[in-house]
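Here the structure is laid out as structure tokens; the discussion comes afterwards.
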């Protein structure tokens, strides 16, 4: 839910977003500074696909609210599918989560997106939140580990930032490119945006230490976002955040808590996404669970900190390797 790259490196997360490339030194960090910045925000509203400043401001208005006193909530939900050789694709569970985002304006006119994000898992039959899950191949009951990424920050500027470093594991540094995104007019009233990212980097869960959680030495991760926007909303100079509907898909190794090890195959998240300026549209059970167990995720950060890690790196930092099963 979420964490802004070229067609080869463009990514999340309303949900969702991916790089910590900019310096935190230029960002306003205190609540007082945020309140002081709550003045009319100047941005480019005249649509021009070839204008870097328009691209920057348009994407920022989708990712958050240009008013730094406001939190914007990404919302995503769908199915977690298993894609394994020589068998049909099967649904393993449902998923639903949200992100809380604040945008802070930097001195150069770019925006620092400050984000916390969650993903919870649901029983596909009942819709209830899962705390345990039954492995359909082995029958083993395992503990579900929800996603709780805090933070996942990145900067929206005139150029595509570097891909996420994930704590230094991903060392890819593509050439700098102007932020000219993949927009498309869809009929007379609709604007579409495509953002994808495809990564291949050393796995934080190495198989020698994490034999049951690790899919291998390298992590293959892709995320694909499709935004559908009303043209009149994007062109409205009064809107500091722009509504959208869309889809989010993620290709990733088996989720480590599933304890599938190096079983051939992968997970595919297939979901819908949108964003709100209020919590009132989020499901009651998500809000209640978050209030009880992780209340800070109901509000966006008000200062910049890091590192920005994905759920795989956080799992390696917060969990312990599962005992190896003894064959019966």
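Laboratory data are not the source of any read-out in this text; all were calculated from the coordinates shown. The shown structure was predicted, so the numbers you read here are calculated from the model rather than taken from an experiment. Glycine also receives a Cβ, built like all others from the backbone with ideal geometry; neighbour counts cover every protein chain displayed.
Observations on the model:
- Ranked list, fewest to most other Cβ atoms within 10 Å of each Cβ, for 244, 111: 244, 111
- The chain, helix-only ellipticity at 222 nm - DSSP H runs n ≥ 4, -39,500 (n - 2.57), divided by all residues, nearest 500: -3500 deg cm²/dmol
- Between the beta carbons of residue 131 and residue 303, assuming R0 = 45 Å, the FRET efficiency works out to 0.90 to the nearest 0.05.
- Cα-based convex hull, the chain, per residue volume (Å³, whole number): 142 Å³
- Taking the number of Cβ atoms within 10 Å of each Cβ as an exposure proxy, the fewest-first ranking of 293, 198 is 293, 198.
- Take each peptide in 89-99, 58-68, 218-228, count the other Cβ atoms within 10 Å of every residue, and average; sorted highest first, the result is 58-68, 89-99, 218-228.
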